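The values are calculated or read from the model by the stated rules, or taken from the named source; none is laboratory data. Since the structure is predicted, the reported quantities are computational estimates derived from the model, not experimental observations. Ideal geometry is used to build each Cβ from the backbone, glycine not excepted, and the neighbour counts take in all protein chains shown.
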Amino acid sequence: MTARLNEFQQPVGAALPDWQGARLPDGRTLAGRYCRIERIDPERHAAELYEAYRDAPDWRDWTYLSVGPFDSLDAYRRYLETVAGLSDPMHHAVIDLASGQAVGTIALMRIDAPNGVIEVGSVTYSPRMKRTRIATETMALLLGHVFEDLGYRRFEWKCDALNAPSRAAASRYGFTFEGIFRQAVVTRGRNRDTAWYSIIDSDYPALHAAYGRWLDPANFDGQGRQIETLAEIRSRVGPA
């Protein structure tokens with residue numbers, strides 16, 4: 001790509017003459033074929049989420065999170081009460097449409113509307129949600145909301161560089177690895193190097209098509225097993 005030069009013959013970035021900023025998330029409900037994403041409500045969601053998280057055999061899912069685990073429903077409800085009214089991070093519950101139950105949480109955070117940058121964080125999936133169509137559809141719904149509804153240019157995923165499952169998920173979902181921020185955070189009394197990933201608006205059309213094909217019921221056999229992986233579909237549709 002040939003760089004643009006300014007009047008001093010210095011290379012500069014692409015012009016954005018029509019850019020006016022993105023819109024702030026408004027807390028709307030996002031509905032798909034398998035799940036619904038809605039604002040956290042402690043009264044409605046605390047008990048369902050607490051029970052869903054208790055399906056896990058141990059507390060390992062909380063190792064890389066800044067909160068939890070919670071040893072009682074009251075403790076978890078109190079936590080939800082502290083975050084439910086926040087606009088950044090804006091916490092959401094993921095509802096399994098088949099059961100009508102909340103099975104995980106996710107947040108939109110570090111919202112920078114003037115520059116069109118937003119992050120997905122506090123990704124806390126229960127065993128009822130992991131490795132299911134709900135988990136993938138959650139990301140598909142967020143991508144559509146961020147890029148189509150709100151007009152963002154960049155969607156970020158950050159995690160502890162030692163969190164192998166989170167890093168694998170980011171890659172599967174089509175986020176591009178951008179590097180490690182060394183000694184970025186002190187959390188739970190220990191160092192955290194942070195791995196950065198992103199999807200930008202020019203990546204989105206191919207990812208949107210790939211997600212749609214993966215989530216299509218025709219991509220699953222009679223036992224609910226995927227016929228093609230998301231990675232296989234993405235490679236055929238085109239690079240993110």
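Inside region 56-94, residues that are farther than 22 Å from Ala169 by Cα and either of a type in the set (Lys, Arg) or touching a residue at least 24 places away in the same chain (Cβ under 8 Å) (or both) make up a count of 9. Taken over region 45-55, the criterion of being surrounded by fewer than 23 Cβ atoms within 10 Å (Cβ to Cβ), assigned to a helix (DSSP H, G or I) and free of Cβ contacts under 8 Å to residues at least 40 places away in the same chain is satisfied by Ala47, Tyr50, Glu51. Screening the candidates Asp96, Asp55, Asp74 for the property of being under 19 Å from the mean Cα position of the chain (by Cα), charged (D, E, K, R) and either within 20 Å of Lys158 (Cα to Cα) or modelled with pLDDT of 95 or more (or both) yields one hit, Asp96.
Is it fair to say Ser66 is modelled with pLDDT under 95 and surrounded by fewer than 17 Cβ atoms within 10 Å (Cβ to Cβ)? Answer is yes for this residue. Does Ser126 meet the test of being surrounded by fewer than 22 Cβ atoms within 10 Å (Cβ to Cβ) and among the polar types (S, T, N, Q)? Here the answer is no, as Ser126 does not meet what is asked.
Just one of the numbered conditions (1) at pLDDT 95 or above; (2) of a type outside the set (Asp, Glu); (3) surrounded by 13 or more Cβ atoms within 10 Å (Cβ to Cβ) is not true of Thr229: (3).
When region 203-226 is filtered for residues that are surrounded by fewer than 17 Cβ atoms within 10 Å (Cβ to Cβ) and among the hydroxyl-bearing types (Ser, Thr, Tyr), nothing remains.
Condition check ((1) of a type outside the set (Lys, Arg); (2) out of contact with any helix residue (DSSP H, G or I) (no Cβ under 7 Å at 6 or more places or on another chain); (3) at pLDDT 95 or above; (4) not in a loop (DSSP other than H, G, I, E, B)) across all residues:
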{"residue": "Gly151", "(1), (2), (3), (4)": "yes, yes, yes, no"}
{"residue": "Phe181", "(1), (2), (3), (4)": "yes, yes, yes, yes"}
{"residue": "Asp193", "(1), (2), (3), (4)": "yes, yes, yes, yes"}
{"residue": "Gly212", "(1), (2), (3), (4)": "yes, yes, yes, yes"}
{"residue": "Ala240", "(1), (2), (3), (4)": "yes, no, no, no"}
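Screening Thr124, Thr82 for residues that are within 26 Å of Arg54 (Cβ to Cβ), of a type in the set (Ser, Thr, Tyr) and either at pLDDT below 95 or assigned to a strand (DSSP E or B) (or both) leaves exactly one candidate, Thr124.
A search for C-beta distances below 6 Å between a residue of region 127-152 that is of a type in the set (Lys, Arg) and any residue that is assigned to a helix (DSSP H, G or I), counting only pairs 6+ apart in sequence or on different chains, returns Arg128/Ala52.
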